């Protein structure tokens, strides 16, 4: 039978808090595995409770034994590099904050001229929404007129 080493009171509290409140479900589940093992449950009993493969549970318990709390987290995974780099994001935000009545198309034109990149309006809207910035719609401005209208 394999169990994690006996947890200290502080470790036990941390594991319980992680199981209940961590934002990532995978980490919550791993904390649950450690908690159950600490309570004397065998790996076979844990398998029935969390419905994961025996090897998976054994590996995560080993990770915990070796690295402690940090062993319950995923390693950084590779992914696509962001298309919009920080200077472009900053320029989008700067333009939007300087004049909230401008359109995403106006922002695109400035960024495309300055950085020589193509942007989709949804990209601009995405980055503004992430920063909780909303552009005001100016309904009185004729459609033919481009750019921002100062108030």
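Just so it is clear, none of the values below were taken in a lab; they were calculated from the coordinates. Small disclaimer: the values here were computed from a predicted structure and weren't measured. Positions of Cβ are generated from backbone atoms using ideal geometry, with glycine treated the same way; all protein chains shown enter the neighbour counts.
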For this session: Measure nothing but the geometry: give the 0 to 90° angle between the long axis through the Cα atoms of 86-98 and the longest principal axis through the Cα atoms of the chain, rounded to 10°.
Result: 50 degrees
Exercise. Cα axis of helix 9-21 to longest principal axis of the chain: angle in degrees, 0 to 90, nearest 10?
Worked result: 50 degrees
Exercise. For the chain, max minus min Cα coordinate along each principal axis, in Å, sorted largest first?
Worked result: 75, 28, 26
For this session: Arrange the peptides 29-42, 90-103 so that the one whose residues have, on average, the most other Cβ atoms within 10 Å appears first.
Result: 29-42, 90-103
Exercise. How would you order 123-132, 49-58, 70-79 from highest to lowest mean count of nearby Cβ atoms within 10 Å?
Worked result: 123-132, 49-58, 70-79
Problem set entry | Degrees between helix 54-67 axis and first principal axis of the chain (Cα, 0 to 90, nearest 10) | 80 degrees
Exercise. How high is the relative contact order of the chain, in percent, counting Cα pairs under 8 Å that sit 6 or more residues apart?
Worked result: 17 percent
Exercise. Given the rule -39500 (n - 2.57) for each run of at least 4 DSSP H residues, summed and divided by the residues of the chain, what is its mean residue ellipticity at 222 nm, to the nearest 500 deg cm²/dmol?
Worked result: -17500 deg cm²/dmol
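If r is the Cβ-Cβ distance from residue 52 to residue 76 and R0 is 25 Å, what FRET efficiency results, to the nearest 0.05?
Working from the Cβ atoms, E equals 0.65.
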For this session: Please arrange 12, 114 by counting, for each residue, the other beta carbons lying within 10 Å of its beta carbon, fewest first.
Result: 114, 12
